[in-house]
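First comes the structure, then the notes that go with it.
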Amino acid sequence: MRTTGKVLPEQARSHNRSLVLQTLYHRGEMSRADLSRETGLTRVTISDLVAECIADGIVREIGVREVAGPGKPPIVIDIDRDGHQIIGVDLSGTAAFQGAVLNLDGHMLHRRTVSLPVDADPDEAYAAVVELVRELIAAADRPVLGIGVGSPGIVRPDGTVLSAPNLSWSDLPLEQRLHDEFAMPVLVRNDANAAVLAEYTFGAARSDIMLVRIGRGVGAGLIAGGQAVIGGRFAAGEIGHVVTGTDDGPLCACGNRGCLEAWVNAPHLLALIEADPARRGEILAQAGRRLGIAIAPIVAALDLSQVVLAGAPELLGGEFVEAATKTLHTRTLDGVFEDVEIVLTAQRDIVLRGAAVMVLSAQLGVS
């Protein structure tokens, strides 16, 4: 996902521009000479690319760096982090769609919410998305770099939502329709895949990670070897309806018994705890063990270094994460995976920020 070195001449300009922007984005202010040393590109190439990026409004000159001794002091440059803005949209809520205007660092500048009617039909759901995006574009006070959308369900790489039952969407070319509607770059991806990008770019994630979102449903986003894992059916990370164990278990909305989603979804856990508060620790530990059973084969197959949980901290912390971690270590090869950690994300608005990363990656080559 991240540009890290030079390539063939025919690919060079686009790749090297991404390399320059990637370096500035993550390292911050530096001189052109610093940038040349950091990237391995010649000073002539750096000068040319920086001039292009300044003309495009992506990079700005900050000022002169003070130096001791003779010689001309260097001019310091950086990404113009407030020069453009990004529209981020999260469609994973059950009663409302969330959206925000973000700067290039993923900081929220303006927020909007659009309610979703109960039992909304596909056209009503799409109309709510359009209304939300229109409000966000009106709120932006800088040029908009693009629109990123995190959608529930299975999403093809071209932004077609193949299946999103909660929104009654099937084979909806959401990315193309929004592009036609607003005449600007649009990226639509699965919400969990968007969330893992936020953890990778703005968090402390490693390059081999699974992020599991636990709310009303359960889904995961995967990055292996620094590359997003999508799958041949575009359904990588759809772990919610994996049956965990052979002991039946609660009835799932899909009709099966014992699906991971049925065991660990937040409303189910809250209902159990409310019915018997004295068993809170036992209930959360049991749910954590089910998660550990489900993710152990994935961690082993992909040799992941870290699992990050996104959801209600009051449910996923403590007994839940402890039981999940212990089960994971018990069910994977001793001496190989004992250092794999399961942690709670520190990110807020993780899908919205991940949607911003999608636009950064597509438009600037930054992730």
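The values are calculated or read from the model by the stated rules, or taken from the named source; none is laboratory data. Quantities reported herein were computed from a predicted structural model and do not represent experimental measurements. Here the Cβ positions follow ideal geometry from the backbone for every residue, glycine too, while neighbour counts run over all protein chains shown. These area figures cover heavy atoms from the full protein model, side chains too; ligands, DNA and RNA do not enter into them. Shrake-Rupley method; radii C 1.70, N 1.55, O 1.52, S 1.80 Å.
General remarks:
- FRET efficiency for the Arg37 to Met184 pair, using the beta carbon distance and R₀ = 35 Å, is estimated at 0.45.
- FRET efficiency estimate (nearest 0.05) - Cβ-Cβ, Ser14 to Thr330, R0 45 angstrom: 0.45
- Note on the chain: GNM, Cα springs under 10 Å; of Arg257, Arg142, Arg279, the largest mean-square fluctuation is that of Arg279.
- In plain terms, the C-alpha convex hull of the chain casts an average shadow of 21.9 nm² when viewed from every direction.
- A compact globular protein would have a Cα radius of gyration near 2.2 N^0.38 Å; the ratio found for region 170-326 is 1.13.
- Relative contact order of region 138-274, pairs being alpha-carbon contacts under 8 Å that are 6 or more residues apart, as %: 16
- Gain on full stretching of the segment that runs from Ala278 to Asn256 - 0.36 nm per residue minus C-alpha separation: 5.0 nm
- Per-q log10 I(q)/I(0), region 235-367, q = 0.12, 0.14 Å⁻¹ (Debye; single scatterer per alpha-carbon; no solvent): -0.54, -0.71
- For the chain, a Gaussian network of Cα nodes joined below 10 Å ranks Arg353, Arg65, Arg206 by mean-square fluctuation, and the top entry is Arg65.
- Taking every protein chain into account, the accessible area of the chain amounts to 46 square angstrom per residue (probe 1.4 Å).
- Solution diffusion estimate, µm²/s, Stokes-Einstein, region 278-318, Kirkwood Rh from C-alpha pairs, 20 °C, viscosity 1.002 mPa s: 187
- Taking amide H as placed 1.01 Å from N in the peptide plane, the amide H of Met30 sits under 5 Å from that of Ile77, each at least 5 places away or on another chain.
- Percent RCO, i.e. relative contact order, over region 73-133, from Cα pairs under 8 Å lying at least 6 residues apart: 27
- Cα-based shape type of region 303-367, given that a ≥ b ≥ c are square roots of the gyration tensor eigenvalues and the cut on a/c is 1.5: oblate
- Region 27-127 shape via C-alpha gyration tensor axes, a/c threshold 1.5: prolate
- In terms of the mean number of neighbouring beta-carbon atoms within 10 Å, the peptides 192-202, 284-294 order highest first as 192-202, 284-294.
- Taking the Cα centre of region 218-349 as origin and assigning +1 to Lys and Arg Cβ atoms and -1 to Asp and Glu Cβ atoms, the resulting dipole is close to 260 debye.
- Extension gain (nm, one decimal) between Arg65 and Ser207, 0.36 nm per residue minus Cα-Cα: 47.7 nm
- Global form of region 106-166, assessed from the alpha-carbon gyration tensor, a/c cut-off 1.5: oblate
- Alpha-carbon centroid distance for the pair region 215-273 / region 295-360, whole angstrom: 14
- Per-residue ellipticity at 222 nm, computed for the chain from helices alone with -39500 (n - 2.57) per DSSP H run of at least four residues, works out to -12500 deg cm²/dmol.
- The mean sequence separation of alpha-carbon pairs under 8 Å and at least six residues apart, normalised by the residue count of the chain, gives a relative contact order of 16 percent.
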